[in-house]
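Some notes on the structure that comes next.
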Amino acid sequence: MLKERWQDGVTLLAGLWFAVAPWALGYDFADHKGIFYNHLIVGAAIVLLSAGALARPKAWEEVVDFLLGLWALASPWIFGYGNMHSLRVNAVIVGLIVAVLALWIGAERGHFFERMRTNR
């Protein structure tokens, strides 16, 4: 099953990286609390959803992962750190990875939105 769901494993790692990236890239927490909290919360949410999807996949998890990916991608401009090159590039890349893989998984399942209606 894990081999078939490799995208969730990659998404889990991307979420873990997103959560720790501000520290790993050397940014000061005291000066950028909102950025750090955003990365920590969004990264943790991605990790939890991906772990859940590895255990018991549900269509709604991919929708939320997709939205979190878009949020991560847009967060440099939402939180005003678009001028912090390494953190901005990181957020864009992680956001794209998470969003694209969520769409990929949804497409592999077939009838993505139809399944959401039946999994309520």
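Overview of values
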| quantity | calculated |
| --- | --- |
| Residue that is nearest to the chain's Cα centre (by Cα), among those in region 24-40 that are free of Cβ contacts under 8 Å to residues at least 12 places away in the same chain and part of a helix (DSSP H, G or I) | TYR37 |
| Condition check for TRP17: under 12 Å from the mean Cα position of the chain (by Cα), surrounded by 14 or more Cβ atoms within 10 Å (Cβ to Cβ), more than 14 Å from ALA102 (Cα to Cα) and touching a residue at least 24 places away in the same chain (Cβ under 8 Å) | yes |
| Number of the exception - ALA99 against (1) among the hydrophobic types (A, V, I, L, M, F, W, C); (2) at pLDDT below 95; (3) out of contact with any Ser or Thr (no Cβ under 9 Å at 6 or more places or on another chain) | (2) |
| VAL47 touching a helix residue (DSSP H, G or I) at 6+ places or on another chain (Cβ under 8 Å) and either within 29 Å of ARG5 (Cβ to Cβ) or among the hydrophobic types (A, V, I, L, M, F, W, C) (or both) | yes |
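The values are calculated or read from the model by the stated rules, or taken from the named source; none is laboratory data. Every value quoted in this text rests on a predicted model; they were computed, and no experiment measured them. Glycine also receives a Cβ, built like all others from the backbone with ideal geometry; neighbour counts cover every protein chain displayed.
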